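Here the structure is laid out as structure tokens; the discussion comes afterwards.
Computed from the coordinates by the stated procedures, all read-outs in this text should not be read as laboratory data. All of these numbers come straight from a predicted model, not from anything done at the bench. Here the Cβ positions follow ideal geometry from the backbone for every residue, glycine too, while neighbour counts run over all protein chains shown.
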Amino acid sequence: DAGITQSPRHKVTETGTPVTLRCHQTENHRYMYWYRQDPGHGLRLIHYSYGVKDTDKGEVSDGYSVSRSKTEDFLLTLESATSSQTSVYFCATAPTTSGSPNEQFFGPGTRLTVL
Amino acid sequence: AQSVTQLDSHVSVSEGTPVLLRCNYSSSYSPSLFWYVQHPNKGLQLLLKYTSAATLVKGINGFEAEFKKSETSFHLTKPSAHMSDAAEYFCVAPFSSNTGKLIFGQGTTLQVKP
């Protein structure tokens, strides 16, 4: 993989609490992504970043926010966790080739349970 | 906009027999296409990618895929399944040419029986 770590790897929390997941990369890739994986849905994009402080929404962004203050770190925050946000969350990164991102490299995932 | 359809949610084969995982895509231009594999409780790993250099693409672990524009297909094959191939497989396409966003198929679970 591309030196991508996610923390925590597992978390159980209660409805209504804020949660922050961290993605850290050591490859100096420009692009970073947060996905959630749920049975029958494949992976769905939550937010992505195309540079430091540059982020945009994906298809399932409601209830989530992100921040990227350094190239290597991309944080995903659940502002007030709900049971529907119980999922496995994957971070991915992509370098750029000729100005467009190449294939993505994935972290090991974070399993989040909201009770 | 692009879309990706994996035609089988579950495929079961016997060890040593061929594997075929089917993927159709919808695109207004010749895309890049990828196959990723996910073993249980692991992240996704790139198996192979098509980027218009050659229509038959070889990947890791003996897998290959053929891009057929006339059929809008990118099926994944392997001549002889191994027990370690049991995993979930995703066909993936870029959402557009320059956003970096990807569209994932819903996945195909490959079961390999001894």
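Which one of these does A:Gly51 not meet: (1) within 14 Å of another protein chain (Cβ to nearest Cβ); (2) under 30 Å from B:Gln6 (Cβ atoms); (3) not polar (S, T, N, Q)?
(2)
Give me the residue from region B:53-70 that is more than 13 Å from B:Leu33 (Cα to Cα) and surrounded by 12 or more Cβ atoms within 10 Å (Cβ to Cβ) and, out of that set, nearest to the chain's Cα centre (by Cα).
The extreme case among them is B:Phe63.
If A:Thr82 satisfies all but one of (1) farther than 25 Å from B:Tyr89 by Cα; (2) within 14 Å of another protein chain (Cβ to nearest Cβ), what's the number of the condition it fails?
In the conditions (1) farther than 25 Å from B:Tyr89 by Cα; (2) within 14 Å of another protein chain (Cβ to nearest Cβ), A:Thr82 misses (2) alone.
When residues of region A:1-58 are filtered for being among the acidic types (Asp, Glu), under 13 Å from the mean Cα position of the chain (by Cα) and assigned to a loop (DSSP other than H, G, I, E, B), how many remain? Show your work before the answer.
The first filter runs over region A:1-58 and keeps only residues among the acidic types (Asp, Glu), leaving A:1, A:14, A:27, A:38, A:54, A:56.
With the extra rule that they be under 13 Å from the mean Cα position of the chain (by Cα), the set shrinks to A:56.
Next, from what is left, pick out any that are assigned to a loop (DSSP other than H, G, I, E, B): none.
Summing the residues that are among the acidic types (Asp, Glu), under 13 Å from the mean Cα position of the chain (by Cα) and assigned to a loop (DSSP other than H, G, I, E, B) in region A:1-58 gives 0.
With the checklist (1) among the hydrophobic types (A, V, I, L, M, F, W, C); (2) surrounded by 19 or more Cβ atoms within 10 Å (Cβ to Cβ); (3) without any contact (Cβ under 8 Å) to a residue 60 or more places away in the chain; (4) touching a Lys or Arg at 6+ places or on another chain (Cβ under 6 Å) in hand, flag the one item A:Leu43 doesn't pass.
(4)
Restricting to region A:1-40, name every residue that is facing another protein chain (nearest Cβ under 9 Å) and either touching a residue at least 40 places away in the same chain (Cβ under 8 Å) or surrounded by 14 or more Cβ atoms within 10 Å (Cβ to Cβ) (or both).
A:Asp1, A:Ile4, A:Gln6, A:Arg30, A:Tyr31, A:Tyr33, A:Tyr35, A:Gln37
Got a number for residues in region B:75-114 being within 15 Å of the chain's Cα centre (by Cα), within 14 Å of chain A (Cβ to nearest Cβ) and either in a strand (DSSP E or B) or surrounded by fewer than 19 Cβ atoms within 10 Å (Cβ to Cβ) (or both)?
Of the residues in region B:75-114, 14 are within 15 Å of the chain's Cα centre (by Cα), within 14 Å of chain A (Cβ to nearest Cβ) and either in a strand (DSSP E or B) or surrounded by fewer than 19 Cβ atoms within 10 Å (Cβ to Cβ) (or both).
Just give me the residues in region B:12-33 being touching a residue at least 60 places away in the same chain (Cβ under 8 Å) and in a strand (DSSP E or B), in sequence order.
The answer is B:Ser12, B:Val13, B:Ser14, B:Val19, B:Leu21, B:Cys23, B:Tyr25, B:Leu33.
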